[in-house]
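**Student:** Have a look at this one.
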Amino acid sequence: MSENQGPATAYTTVDGDHVHELEIKRSRFITYLRRVETEEAARGLIAELRKSHFDARHHCSAFILGPDRTAQRSNDDGEPSGTAGIPMLDALAKRETSPGTSDLSDIAAVTVRYFGGILLGAGGLVRAYSASVSAALDSATLVRRRRMRLYGIDAGYAASGRLENDLRAAGTQVLGTDYGPSAATLRIALPDDPAGIAAFAEHLATLTSGAGVPQDRGTAWVDLR
């Protein structure tokens, strides 16, 4: 993992739910990935799959939570100790989302195994569970999240569409537009950086002839699209 100074300001997660199946020596390894933000949600996925795959022999799991990845759990669910949950967790924790950076979080992985009658041995199981999660990540859509400062910008109805287009063209993250009784309010997100925010305010003043004033609405984690 790349070095961080202070709390994380960005991380990567999976975009929604994803399923991938791998067959190894007649055993089926079906890996489910889900974006989760709490341990309760991660355990909810496990419980859900125990019901839908009630006839499977194992429901092994691993999850990582939080921008700083402070919560990491795994479970072998009856496989020999250390042959399933830990390899799955390693596949999540060590996944490079960009060169030299492993920052995958808010993600749960559950691998459902249907035994095919051929014993894989401890080493074979480690490789199978690791490969199953890695293959699922290979085909999943990932999304980058960043802690951003939120602002509202009031504009007249006639001017709001053009202002939104101008802001998007300049690379500003526009989250949407709210329409009130007398004006529209554009919701935007900026990197939580004083110099960048000051530069944006100047740019906005130029676009609106000084009429546009960003209203601070605090910070939040935002998906970058």
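The values are calculated or read from the model by the stated rules, or taken from the named source; none is laboratory data. Computed from a predicted model, the values in this text were never measured in an experiment. Cβ: placed from backbone, ideal geometry, glycine included. Neighbour counts: every protein chain shown.
**Student:** Restrict the check to segment 38-46 and report whether at least one residue is among the hydrophobic types (A, V, I, L, M, F, W, C) and either in contact with a helix residue (DSSP H, G or I) (Cβ under 9 Å, 6 or more places away or on another chain) or in a strand (DSSP E or B) (or both).
**Tutor:** No, segment 38-46 contains no residue that is among the hydrophobic types (A, V, I, L, M, F, W, C) and either in contact with a helix residue (DSSP H, G or I) (Cβ under 9 Å, 6 or more places away or on another chain) or in a strand (DSSP E or B) (or both).
Yes or no, residue by residue, for (1) surrounded by 12 or more Cβ atoms within 10 Å (Cβ to Cβ); (2) within 12 Å of Ile153 (Cβ to Cβ); (3) among the hydroxyl-bearing types (Ser, Thr, Tyr); (4) under 26 Å from the mean Cα position of the chain (by Cα):
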{"site": "Gly171", "(1), (2), (3), (4)": "no, no, no, yes"}
{"site": "Ser182", "(1), (2), (3), (4)": "no, no, yes, no"}
{"site": "Ile188", "(1), (2), (3), (4)": "yes, yes, no, yes"}
{"site": "Ile197", "(1), (2), (3), (4)": "yes, no, no, yes"}
{"site": "His203", "(1), (2), (3), (4)": "yes, yes, no, no"}
{"site": "Ser209", "(1), (2), (3), (4)": "no, no, yes, no"}
{"site": "Pro214", "(1), (2), (3), (4)": "yes, yes, no, no"}
{"site": "Arg217", "(1), (2), (3), (4)": "yes, yes, no, yes"}
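**Student:** Another one. Keeping to segment 164-193, report how many residues are within 21 Å of Arg147 (Cα to Cα) and not basic (Lys, Arg).
**Tutor:** Looking only at that region, the number is 16.
**Student:** I've got another one for you. Testing Thr141 on (1) farther than 30 Å from Arg95 by Cβ; (2) among the polar types (S, T, N, Q); (3) in contact with a strand residue (DSSP E or B) (Cβ under 8 Å, 6 or more places away or on another chain), one condition comes back false. Which one is that?
**Tutor:** (1)
**Student:** I would also like to ask the following. Would you confirm, using the coordinates I've provided, whether Asp154 is part of a strand (DSSP E or B) and outside the structural domain of Gln72 (by TED's automatic domain parsing)?
**Tutor:** So Asp154 passes the test.
**Student:** Shifting gears a bit: Quick test for you: out of Arg168, Arg127, pick the one residue that is among the basic types (Lys, Arg) and either touching a His at 6+ places or on another chain (Cβ under 8 Å) or not assigned by TED's automatic domain parsing to the domain that holds Ala205 (or both).
**Tutor:** When all the criteria are applied, what remains is Arg127.
**Student:** Can I ask one more? In segment 89-113, what count of residues is obtained for those that are surrounded by fewer than 17 Cβ atoms within 10 Å (Cβ to Cβ) and either at positive phi or among the acidic types (Asp, Glu) (or both)?
**Tutor:** Selection size over segment 89-113: 2.
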